[in-house]
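For reference, the structure discussed in these notes is given below.
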Amino acid sequence: NIFAIMKIGIVCYPTFGGSGVLATELGMALSEKGHEVHFITYQQPVRLHFHPNVYYHEVSVPSYPLFDFLPYETVLTGTLVDVISNNDLDVLHVHYAIPHASAAYFAMQILKKQGKDIPFITTLHGTDITLVGRDPKYMPVVNFSMNESTAITAVSENLKQETYRFFDIQKDIKVITNFVDTQRFQHLDKEHFKKMLAPEGERILAHVSNFRKVKRVEDVIRVFASVRKQMPCKLLMIGDGPERPSAEELCRHLNICHDTRFLGKQEQVDEILSITDLFILPSEYESFGLAALEAMACGVPVISTNTGGLPEINIPGKTGFLSNVGDIDNMAKGAVSILKDTETLNQFKANALEHSANFDRDKIVPVYEQLYKETIAAY
Ligand code: GMT
């Protein structure tokens, strides 16, 4: 019976990054279905809410004057051994290979000696494969621990292919796409906010990311500047990271600061997306683009690049448009064609909302449940 109650451990980055968000949403959905879920992370995940079936175990690394670098992976391994054996977990699910998969492998070696090891599943999210994991300093450990995982999943078909292309993987990688909680991410009536930000009915464009190089945030600004020459509009920049200062500087340079707001890290992204007309995601690479899916669930069309898994979620001419990386003119052209008249915009909005239903949490979470069940049964 797939609906039998399981005790599931989840390891993830607890921050605003997509892998941590997805892992937290998954854990919460599983807990609501009656499973007992144990999060093992260095900080309470930002999207985690209280639920009686959810437990949080902090990985707290004791300092010592000798340590220039804190041995996080060692303490994570020790915490995994403790949590798995003392809570009698059935399966461990690690999100993002580095260093979670190797810590899981090591923990299982220790638990094996005690006759208590369990299967562990590694979900690949993107940069663990496409950027960081490919570095020769990480590659051998990532490759080994992926092959030692009881099962491997990837969040898009593209990420699966990239993994096979760059690593020597001897097992099947199952694609389980990311999902969105459409109960939470839906269009909310926030017209009063819209009026405050765009009093003349200007179109509102938005971008959400961790402002890392791979996100190409300067392209967002340049696309906006080009659209702004053709129609009145405002830009909301949500998130924070290393590229924020240069993006703000570019706004000053282009003299568009009064139409642009840098809001920083935000928890109620659904409210901001509810007043957004168009989402811009010009990334160099996205294994999936969870932020774009969350926008679509709030009825927001997407202008994105055509890299990685983005073509798997953004359907050109329907939910938005795809452009080559760095092709500002084409992105601006697509944006204007969506925003130019309300009828067209409303059609794209309706399409985006409709398409997001294919990635509804209620469709995808049972796929993970089934995988856990099969993996436990075969172990
Ligand atoms: O995009 C980031 O820098 C964060 C990163 C993460 O690991 O949190 O996001 C990756 O995982 C997300 C959830 O699966 C995907 O939606 C993002 O596309 C992916 N980022 C990249 O591939 C650059």
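Using θ = phi - 60° and the Karplus relation 6.51 cos²θ - 1.76 cosθ + 1.60, list the HN-Hα couplings for segment 53-58 in order, rounded to whole Hz, with x at every Gly or Pro.
Karplus-based 3J(HN,Hα) across segment 53-58 equals 8, 9, 10, 10, 10, 7 Hz.
What do you get for chymotrypsin sites (Phe, Trp or Tyr not before Pro) in segment 166-228 restricted to DSSP loop and a cutoff of at most 15 other Cβ within 10 Å of the site's Cβ?
Numbers: sites: Phe166, Phe167, Phe179, Phe185, Phe193, Phe211, Phe224; in loops: Phe167, Phe179, Phe185, Phe211.
Listed in order of number, the matching sites amount to none.
With +1 on each Lys and Arg Cβ and -1 on each Asp and Glu Cβ, how big is the dipole of the chain about its Cα centre, in debye rounded to the nearest 20? Before the final figure, lay out each step's value.
Details: 36 positive and 46 negative charges, 78 e Å.
Charge dipole of the chain: 380 debye, to the nearest 20.
So what's the angle, to the nearest 10 degrees on a 0 to 90 scale, between helix 72-87 and the longest Cα principal axis of the chain?
Orientation of helix 72-87: about 60 degrees from the principal axis.
For the Cα atoms of the chain, what angle does the longest principal axis make with the long axis of helix 244-254, in degrees from 0 to 90, nearest 10?
Here the helix axis deviates by roughly 10 degrees.
Net charge near Glu202: determine it from the other residues with C-beta under 13 Å of the C-beta of Glu202, scoring Lys and Arg +1 and Asp and Glu -1.
On the way: positive: Lys194, Lys195, Arg203, Arg228, Lys234, Arg261; negative: Glu200, Asp259, Asp277.
Net charge in that neighbourhood comes out at +3.
Please rank Ile152, Ile176, fewest neighbouring Cβ atoms within 10 Å first, as an exposure proxy.
Ranked by crowding around the Cβ, least crowded first: Ile176, Ile152.
Where does the charge balance sit around Pro311 when Lys and Arg score +1, Asp and Glu -1, over other residues with C-beta under 13 Å from its C-beta? Show your work: numbers first, answer last.
Working: positive: Lys318; negative: Glu157, Glu286, Glu312.
Residues near Pro311 contribute -2 overall.
Compute a Gaussian network model of the chain, connecting alpha carbons closer than 10 Å, and tell me which residue from His253, His100, His49 fluctuates the most.
With Cα springs under 10 Å in the chain, the top fluctuation among His253, His100, His49 is at His253.
Report, in cubic angstrom per residue, the convex hull volume of the C-alpha atoms of the chain. Don't skip to the answer; put the middle values down first.
Values: hull volume 55.9 nm³, N = 379.
Convex hull of Cα atoms, per residue: 147 Å³.
Applying a 10 Å radius around every beta-carbon, put 78-88, 195-205 in order of their mean neighbour count, most first.
Numbers: 78-88: 17.8, 195-205: 15.3.
Packing proxy ranking, top to bottom: 78-88, 195-205.
Normalised by the number of residues in segment 191-359, what is the relative contact order in percent for Cα pairs under 8 Å and 6+ residues apart?
22
Using only the alpha-carbon atoms, how far is helix 361-378 inclined from the longest principal axis of the chain? Give it as 0 to 90 degrees, nearest 10.
Value to nearest ten degrees: 20.
To the nearest 500 deg cm²/dmol, what mean residue ellipticity at 222 nm is calculated for the chain from DSSP H runs of n ≥ 4 alone, each contributing -39,500 (n - 2.57), summed and divided by the residues?
Values: 15 runs with 164 residues, N = 379.
Helices in the chain give a 222 nm mean residue ellipticity of -13000 deg cm²/dmol.
So, counting K/R as plus one and D/E as minus one, what does the shell of residues with Cβ under 10 Å around His35 add up to?
Computed value for this residue: -2.
Which pairs, out of Lys33/Lys373; Lys160/Lys373; Lys234/Lys340, put more than 18 Å between their alpha-carbon atoms? The partial results should precede the final answer.
Numbers: Lys33/Lys373 14 Å; Lys160/Lys373 22 Å; Lys234/Lys340 14 Å.
With Cα atoms farther than 18 Å apart: Lys160/Lys373.
Just so you know, all these numbers are worked out from the coordinates, no wet-lab data involved. Here the structure is a predicted model, which is why all the values come from computation and not from measurement. Methodologically, a virtual Cβ is constructed for each residue, glycine included, from the backbone with ideal geometry; neighbour enumeration extends over all protein chains shown.
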